[in-house]
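Input: a single structure, listed below in structure tokens.
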Amino acid sequence: MFFSIIIPLYNRPQEIDELLTTLTRQTYTQFEVLVIEDGSVNDAKAIVDKYANSLDVKYFFKPNEGQGFSRNYGFERSKGDFFVIFDSDCLIPEDYLEIVKDYLFEHKLDAYGGPDAAHQSFTLGTKGHQLCHDFSIYNRRDKRQ
């Protein structure tokens, strides 16, 4: 497993459905997905479960503590060499993981990240609300024990 994609989630089942759909289209497929439901009232378990045959996806439900604690919860349960963190409102281009993998190998980086762009189908009015603002990727060897 190369990437562990960690997705904190709180009351946004419709967004996780769209994000997981984009992950099924990745050209690079060596990744697992960990969806960490952070005490949601409107959980997404049924939506995540429908991807069990097309993704290596795991669903976890924990008490509400906030996004940072949910990320840490995912780090502790992941198996990949690199952690990839996505917000639930991200839509991932199909060659995204392949491009990141190639860049990481070529440049021997331990971390990779920055602002992302809005999906081409978004209108000007929705770009500010529905784009993936940031992404972060960290090498597992930097994980604190």
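The values are calculated or read from the model by the stated rules, or taken from the named source; none is laboratory data. Note that this is a predicted model, so its numbers are computed, not measured. Positions of Cβ are backbone-derived with ideal geometry, glycine not excepted, and every protein chain shown enters the neighbour counts.
Residue count for the stretch 1-25, restricted to those that are under 11 Å from residue 84 (Cβ atoms) and polar (S, T, N, Q): 1.
Quick one: which residue in 34, 91 is touching a Gly at 6+ places or on another chain (Cβ under 9 Å), aliphatic (A, V, I, L, M) and touching a residue at least 40 places away in the same chain (Cβ under 8 Å)? Outline the logic, then answer.
Numbers: 91 fails: touching a Gly at 6+ places or on another chain (Cβ under 9 Å).
One residue alone meets the criteria, 34.
Residues checked against (1) closer than 20 Å to residue 110 by Cβ; (2) of a type in the set (Asp, Glu); (3) modelled with pLDDT of 95 or more:
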| site | (1), (2), (3) |
| --- | --- |
| 6 | yes, no, yes |
| 22 | no, no, yes |
| 26 | no, no, yes |
| 53 | no, no, yes |
| 77 | no, no, yes |
| 80 | yes, no, no |
| 83 | yes, no, no |
